[in-house]
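To start, the structure under review is shown below, and the notes come after it.
The values are calculated or read from the model by the stated rules, or taken from the named source; none is laboratory data. A quick note: this is a predicted structure, and the numbers were derived from the prediction, not measured. Backbone-built Cβ (ideal geometry, glycine too); neighbour counts: all protein chains shown. Areas reflect the complete protein model, heavy atoms only, side chains present, ligands, DNA and RNA absent. Shrake-Rupley method; radii C 1.70, N 1.55, O 1.52, S 1.80 Å.
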Amino acid sequence: MADFPDVGSVATKLRNTLIQYYNTEDNEWRMIKATKNTTIWRKPSEEFGGNLYKTQGIVEDVANRIVDHIRPGPYRLHWDSLMTTMDVVEEFEENCCVMRYTTAGQLWNIIAPREFVDFSYTTDHEDGLLSCGISLDYGEVRPSFVRGFNHPCGWFCIPLQDNPGHSLLTGFIQTDLRGMLPQAAVDTAMASTLTTFYSDLRKALKA
């Protein structure tokens, strides 16, 4: 990817954007789903015409192991039920890479399978870690897939002060699925997807 922009500047801008989301006041978010272990909120995205989703829950493990399961690597494809393929296209220094992955259809295939190509960056944050990403316009779309686009997304994983063996996992997701999809269908799919994400992750960490 000789035409890729400066990796350091892309990573820094992405990190700063996610920290801005992380520091957004609580009253700007509207809760759309709450389960025993996970809560999901949304607010209008400033990047595109859809929503920015915030999700949060406590995960019973240390931050390093949780983030190792989330970021591109050997674990993610084995436990994430939405993801169907994942390939690292190019690796850079300092925990940066470009990944291409596909996702399964959702809502009885009202949302057809999607393909994404993302720049991914993992770094320290406070006493924990931040793993974040943003989509790139790269390569041709595989047959039978719609190319989606992830605006700045990321996961903050911070150990609990009173129990460092447990971590607070906070995610920010704003995915433009593209295609002619009603916003209500997207909201339903995102709430379901994020709840399942936490459930699948917790099961994988206990395995």
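Here region 21-41 is the region considered, the condition is being closer than 13 Å to T170 by Cα and part of a loop (DSSP other than H, G, I, E, B), and the residue that is most open to solvent (accessible area, probe 1.4 Å) is N23.
One line per residue, one yes/no per condition, for (1) of a type in the set (K, R); (2) more than 21 Å from Y21 (Cβ to Cβ); (3) surrounded by fewer than 16 Cβ atoms within 10 Å (Cβ to Cβ):
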{"site": "V88", "(1), (2), (3)": "no, yes, yes"}
{"site": "F119", "(1), (2), (3)": "no, no, no"}
{"site": "D124", "(1), (2), (3)": "no, no, yes"}
{"site": "R142", "(1), (2), (3)": "yes, yes, yes"}
{"site": "F149", "(1), (2), (3)": "no, no, no"}
{"site": "G154", "(1), (2), (3)": "no, no, no"}
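Only one of E46, E60 is under 28 Å from A185 (Cα atoms) and out of contact with any Cys (no Cβ under 7 Å at 6 or more places or on another chain); which? So the residue among E46, E60 that is under 28 Å from A185 (Cα atoms) and out of contact with any Cys (no Cβ under 7 Å at 6 or more places or on another chain) is E46. Kindly establish whether N51 is open to solvent by 50 Å² or more (accessible area, probe 1.4 Å) and of a type in the set (S, T, N, Q). Considered against the rule, which asks whether it is open to solvent by 50 Å² or more (accessible area, probe 1.4 Å) and of a type in the set (S, T, N, Q), N51 comes out as no. Where strands (runs of 3 or more DSSP E) fall entirely within region 63-169, those with at least 2 residues that are closer than 16 Å to Y198 by Cβ and of a type outside the set (F, W, Y) are at 153-160. State whether one or more residues within region 125-137 are of a type in the set (S, T, N, Q) and in contact (Cβ under 8 Å) with a residue 40 or more places away in the chain. Within region 125-137, one or more residues are of a type in the set (S, T, N, Q) and in contact (Cβ under 8 Å) with a residue 40 or more places away in the chain.
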